[in-house]
1. Taking only the range 71-81 into account, find how many residues are surrounded by fewer than 14 Cβ atoms within 10 Å (Cβ to Cβ) and either more than 16 Å from the chain's Cα centre (by Cα) or under 11 Å from residue 153 (Cα atoms) (or both).
2. Do the conditions hold for residue 199, that is, is it buried (at least 19 other Cβ atoms within 10 Å of the Cβ), in contact (Cβ under 8 Å) with a residue 12 or more places away in the chain, within 19 Å of residue 50 (Cα to Cα) and within 15 Å of the chain's Cα centre (by Cα)?
3. Quick one: is residue 207 touching a residue at least 60 places away in the same chain (Cβ under 8 Å), surrounded by 14 or more Cβ atoms within 10 Å (Cβ to Cβ), assigned to a helix (DSSP H, G or I) and in contact with a helix residue (DSSP H, G or I) (Cβ under 9 Å, 6 or more places away or on another chain)?
4. Restricting attention to the range 45-72, report how many residues are in contact (Cβ under 8 Å) with a residue 60 or more places away in the chain and either on the phi > 0 side of the Ramachandran plot or in a loop (DSSP other than H, G, I, E, B) (or both).
5. Do you know which residues across the range 85-108 are crowded, with 18+ Cβ neighbours inside 10 Å and modelled with pLDDT under 90?
6. Looking at 162, 180, which is the one that is on the phi > 0 side of the Ramachandran plot and outside any strand (DSSP E or B)?
7. What is the one condition in (1) touching a helix residue (DSSP H, G or I) at 6+ places or on another chain (Cβ under 7 Å); (2) surrounded by fewer than 19 Cβ atoms within 10 Å (Cβ to Cβ) that residue 189 does not satisfy?
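The values are calculated or read from the model by the stated rules, or taken from the named source; none is laboratory data. Quantities reported herein were computed from a predicted structural model and do not represent experimental measurements. Heads up, the Cβs are rebuilt from the backbone with ideal geometry, glycines too, and the neighbour counts pull from every protein chain shown.
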């Protein structure tokens, strides 16, 4: 395996008036290509800040971040945006689907902004929807789909751009337990069968248990980083 993500000595300090908030305090994490990793911690632990750093949504105050061979920490906003579009696929708690558009059109949307030709967009979107078990729902709009089906469309949208990493922020937060299990099994399957590097951010132990490795963060530092022995899902 080769390192997809290398974070060394990452610090993030937010200045709020006269106060400084130390959200990350010298974090070191390495994630290999093809790993399925959960970043876990309570509210205020720093996990959301770390997700923003990994997702190229923000830059650290100090430290190093390499994503698929790109040194991220020194990039400007335009360069960060370019890396996000090429290297990362995002899945959020809220599905963020366009209500008047079909599942296929929703999955195509990020590729429109990247200038990918229409026929190629449609081909990639159809393949991505097939991969998440939504190949028979291409023409359905969000209001014709269950919450779990909408989240599958959101996962397909993240997949269609051929990212190096899928970054899922509380991807089951709006779902019931049965549907949550289905979504986590879908992510597991994509990791195993497609070799995708997947990082989920969660505060729920039962969701983190689907990952192969759990990084626990508290008060801006990595508390534990270990293989997940009590593993849920596909063996």
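1. Of the range 71-81, the ones surrounded by fewer than 14 Cβ atoms within 10 Å (Cβ to Cβ) are 71, 74, 76-79, 81.
Narrowing further to those that are either more than 16 Å from the chain's Cα centre (by Cα) or under 11 Å from residue 153 (Cα atoms) (or both): 71, 74, 76-79.
Looking only at that region, the number is 6.
2. On the way: buried (at least 19 other Cβ atoms within 10 Å of the Cβ): yes; in contact (Cβ under 8 Å) with a residue 12 or more places away in the chain: yes; within 19 Å of residue 50 (Cα to Cα): yes; within 15 Å of the chain's Cα centre (by Cα): yes.
So residue 199 passes the test.
3. yes
4. Number satisfying all stated conditions: 4.
5. The one that is crowded, with 18+ Cβ neighbours inside 10 Å and modelled with pLDDT under 90: 95.
6. Every option except 162 fails the conditions.
7. Every condition holds for residue 189 apart from (1).
Yes/no matrix, rows are residues, columns are (1) more than 24 Å from residue 230 (Cα to Cα); (2) under 19 Å from the mean Cα position of the chain (by Cα):
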| site | (1), (2) |
| --- | --- |
| 14 | yes, no |
| 22 | yes, no |
| 29 | no, yes |
| 33 | no, yes |
| 39 | no, yes |
| 43 | no, yes |
| 46 | yes, yes |
| 49 | yes, yes |
| 53 | yes, yes |
